[in-house]
Amino acid sequence: MSDQDSVARRLPSGRWPRRAVLGTGLLVGGAGLLAEPARARPVGVPGAEPLPGAERLRPEAAFLGPARPVIDPAYEISPPSDPEALWDVPELSDSDARRLAPIPESTPGVAALSSSSAIPGIPFEFRYHPFEIRDLPDGIRPYYLRTAVPLVDTGVHDSTGVRMSLRNGRLYDHPVGQAQYGLALLEAYRITGNSVYLDRARKQAQRLVDRRVVHGGGWFFPYPFRFVLHGTEEVYDPPWYSMMAQGQALSLFCRLYKLTRAGIWLAALNGTFASYLVPPVAGRPWGVYVVGGRLWLEEYAHPKRISGDLTYNGHNFSLYGLWDFFVLTGDERAKVLLQGALTTMRDSYAGIRNRHWRSRYCLRHGSDANTYHTIHTTQHVQCYAMTGDTIFAQVAELYYTDFPPHGVAGPVTFQPGRHTGYKFNSSGAVTASRTITVGRRSSAPSAARLKVRRQDGIWYQISAGSLAGYHLREIRQHSYQTGEAASMGYRILRPATIARAPLTAYTITPAGSMTSVVTDFEVGDAVNLDRRAALNGVAHLRFADGDHAERWAGYTAINRI
């Protein structure tokens, strides 16, 4: 069975609960999330028998194949942002929760074919699913921030305060950097009301406008520096263009116009949207094309020929710009382009996915996405909120299960007994080990929670103490990150049904102390979730509402729809 068949597998509808639950208007014939992948028998259990070495790899080691080149964010035009957005859980009003109630998932691979006769003004033919497109409250919009960026800019900027890129001792304009910083400044203005942030955001946007190149009626924002794709030997000589820059600039212009109603931003948003309607011509500004019937918004549009990288995160960021434009203007062309881009995102996920490991950065090279894997996960959660389509939530969970979120650090609890740390090489072979015995509960800091290639389970990168520099395996009730860790918020309600009764629900403190209560749920009762996390190293899901709101239940005790 393929991944797509698995994701689209139907589950029988459960009985609705006796109590009132938000979202009861949801149709529940939808596909169930693919279950947690079956785990291979561990090759060794740290704290019991040490791993003997590289010759005893887990049976599915060959499934991972040879290690692919790993993307270094320093070589890309869009370094990953802080993973905070993945764990964030907004407080939705009751009316927003009802308005944004999920709908049954669409089926990957099933889509209509667009045509210029059916949709005047769109010069491409591509497959698209008629996703519902929803306006969103501030707390779940793309680029939402809870805290303002510093008023004193610590990033690279010129004397006017415009974001720049420093390369070989020279400052260059950087369209994505300027658009991203402008969006962050608008968020800071929303949070603080300080007009300095708004003025600085205008400067970022004005620089984009001043440097625009007009082609085919569209405004394009050129990269003025020589770029080596992924640090390989493929060189992009300037000027070159990126639909990631186009999309983030479009979001910036839309939000500035909504805030100020200034004519310059109206002209800018219309000109930038027009760039999505320009057919590709070799050697001219371009960024949108159709590959295998899929509409791609190309992050790395080649400056000399019609080819690109089919980069996943850049395509997805670009479609956020179409979302901003559509919810502002209601333009039907933008809606269909957005639906086409979402269809590409949905139907390409299996090619981007690398089961039991980090996803691929792009379809062309298949490089290991590294920290962009967490961005891929976050983007699916964001598009779940945009559309209400549970397929995006299901894919987010698949990616989350394949590899845990980047940037998770914290104290690891050591229960009494033996604990063995390991060092590994890049292929996952053991190069060193150290065993300690603790007589009472203790802890040590971890710099990361991750997987190790060709080794089973989750591992902590211990950063201090007797096992500093070693990896320690996560083991239930033996060695685990204290409290709540590796959280993923769903943005909108996540529908589910109770799989096991009687069901125990839990609360947990930051210190990892848990209390429990036995619920009156019955098998098949419908519930809403708002978060997934590891509690003391064990996967749990959190109830969003009802009698047990903000309590947790074991991951396997609930079926996500």
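What number of residues within region 288-309 are buried (at least 24 other Cβ atoms within 10 Å of the Cβ) and either more than 15 Å from F124 (Cα to Cα) or aliphatic (A, V, I, L, M) (or both)?
Kept after step one, since they are buried (at least 24 other Cβ atoms within 10 Å of the Cβ), are these residues of region 288-309: 288, 295-301, 308.
Those left that are additionally either more than 15 Å from F124 (Cα to Cα) or aliphatic (A, V, I, L, M) (or both): 288, 295, 297, 299-301, 308.
The qualifying residues number 7.
So which residues in region 489-531 are of a type in the set (D, E, K, R) and open to solvent by 10 Å² or more (accessible area, probe 1.4 Å)? Spell out the reasoning first.
Step one: list which residues in region 489-531 are of a type in the set (D, E, K, R), which gives 491, 494, 500, 520, 522, 525, 530-531.
Residues satisfying the conditions are R491, R500, D520, E522, D530, R531.
Look at P285 and say whether it is surrounded by fewer than 17 Cβ atoms within 10 Å (Cβ to Cβ), closer than 21 Å to E125 by Cα, in contact (Cβ under 8 Å) with a residue 60 or more places away in the chain and not charged (D, E, K, R). Against the criterion (surrounded by fewer than 17 Cβ atoms within 10 Å (Cβ to Cβ), closer than 21 Å to E125 by Cα, in contact (Cβ under 8 Å) with a residue 60 or more places away in the chain and not charged (D, E, K, R)), P285 does not qualify.
Taken as a whole, the structure places V538 among residues that are surrounded by fewer than 23 Cβ atoms within 10 Å (Cβ to Cβ), touching a strand residue (DSSP E or B) at 6+ places or on another chain (Cβ under 8 Å), hydrophobic (A, V, I, L, M, F, W, C) and under 18 Å from E484 (Cα atoms). Scanning region 231-251 for residues that are small (G, A, S) and open to solvent by less than 10 Å² (accessible area, probe 1.4 Å) turns up S242, A245, G247, A249, S251. Applying the criterion of at least 3 residues that are among the charged types (D, E, K, R) to the helices (runs of 4 or more DSSP H) found wholly in region 177-282 leaves 195-210.
With the condition kept exactly as written, say whether any residue in region 183-190 is touching a residue at least 12 places away in the same chain (Cβ under 8 Å) and either in contact with a strand residue (DSSP E or B) (Cβ under 8 Å, 6 or more places away or on another chain) or basic (K, R) (or both). Among the residues of region 183-190, at least one is touching a residue at least 12 places away in the same chain (Cβ under 8 Å) and either in contact with a strand residue (DSSP E or B) (Cβ under 8 Å, 6 or more places away or on another chain) or basic (K, R) (or both), which makes the answer yes.
The rows are residues; the columns are (1) among the acidic types (D, E); (2) within 23 Å of V538 (Cα to Cα); (3) in a strand (DSSP E or B); (4) modelled with pLDDT of 95 or more.
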residue: R449; (1), (2), (3), (4): no, yes, yes, yes
residue: V452; (1), (2), (3), (4): no, yes, no, yes
residue: A464; (1), (2), (3), (4): no, no, no, yes
residue: G469; (1), (2), (3), (4): no, no, no, yes
residue: L472; (1), (2), (3), (4): no, yes, yes, yes
residue: A485; (1), (2), (3), (4): no, yes, yes, yes
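The set of residues from region 524-561 being in contact with a Ser or Thr (Cβ under 8 Å, 6 or more places away or on another chain) and of a type in the set (V, I, T) comprises V527, I558, I561. Under the condition of being within 18 Å of M244 (Cβ to Cβ) and in contact (Cβ under 8 Å) with a residue 40 or more places away in the chain, which residue from region 149-176 is surrounded by the fewest Cβ atoms within 10 Å (Cβ to Cβ)? Ranking the qualifying residues of region 149-176, first place goes to Y172. Has region 453-465 got at least one residue that is under 27 Å from E298 (Cβ atoms) and either in contact with a helix residue (DSSP H, G or I) (Cβ under 9 Å, 6 or more places away or on another chain) or open to solvent by less than 10 Å² (accessible area, probe 1.4 Å) (or both)? No; the residues of region 453-465 include none that is under 27 Å from E298 (Cβ atoms) and either in contact with a helix residue (DSSP H, G or I) (Cβ under 9 Å, 6 or more places away or on another chain) or open to solvent by less than 10 Å² (accessible area, probe 1.4 Å) (or both).
The values are calculated or read from the model by the stated rules, or taken from the named source; none is laboratory data. Computed from a predicted structure; not experimentally measured. Methodologically, a virtual Cβ is constructed for each residue, glycine included, from the backbone with ideal geometry; neighbour enumeration extends over all protein chains shown. All accessible areas refer to the heavy atoms of the entire protein, side chains included, with ligands and DNA or RNA removed. Shrake-Rupley method; radii C 1.70, N 1.55, O 1.52, S 1.80 Å.
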